[in-house]
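In what follows, a single structure is set out as structure tokens and then discussed.
The values are calculated or read from the model by the stated rules, or taken from the named source; none is laboratory data. From a predicted model like this one, the values you see are computed outputs, not experimental measurements. All Cβ positions, glycine included, derive from the backbone under ideal geometry; neighbour counts span all protein chains shown.
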Amino acid sequence: MEIPPFDNRDGFIWMNGKFIPWNDAKCHVITQGLHYASSVFEGERAYKGKIFKSKEHKPCDAPTPIEKIFLIAAQVSMPITSSDVKI
């Protein structure tokens with residue numbers, strides 16, 4: 001099976017707060033994230049589109065995955081414009 005190149009794929013990708021067609025996703029060559037890999041992310045298990053036991057699968061004094069996203073983003077001065085509920 002041949003893997004399609006990144007510049008020619010079907011489907012959608014999340015960019016600037018919304019899903020857009022994969023082939024329409026473009027960024028400027030001097031984008032901060034491209035050069036310095038600026039990002040904040042956290043993985044969560046989901047089944048049928050629903051997050052699975054996010055709060056139950058962590059130590060009692062640790063932040064939830066969504067809380068970690070906001071904490072880390074604040075540490076690197078990266079504003080998050082969506083609410084934790086929306087994310």
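Here are some notes:
- Any hit, the range 60-68, residues being assigned to a loop (DSSP other than H, G, I, E, B), touching a residue at least 40 places away in the same chain (Cβ under 8 Å), within 23 Å of residue 84 (Cβ to Cβ) and under 17 Å from the mean Cα position of the chain (by Cα): no
- Taken together, the residues in the range 1-39 that are assigned to a strand (DSSP E or B) and either in contact with a strand residue (DSSP E or B) (Cβ under 7 Å, 6 or more places away or on another chain) or of a type in the set (S, T, N, Q) (or both) amount to 5.
- The set of residues in the range 46-63 that are surrounded by 11 or more Cβ atoms within 10 Å (Cβ to Cβ) and either modelled with pLDDT of 80 or more or touching a Leu at 6+ places or on another chain (Cβ under 6 Å) (or both) contains only 63.
- The lone criterion from (1) loosely packed, with under 10 Cβ neighbours inside 10 Å; (2) modelled with pLDDT of 80 or more left unmet by residue 35 is number (2).
- Residue check for residue 3: farther than 21 Å from residue 78 by Cβ, modelled with pLDDT of 75 or more, aliphatic (A, V, I, L, M) and touching an Asp or Glu at 6+ places or on another chain (Cβ under 7 Å): no
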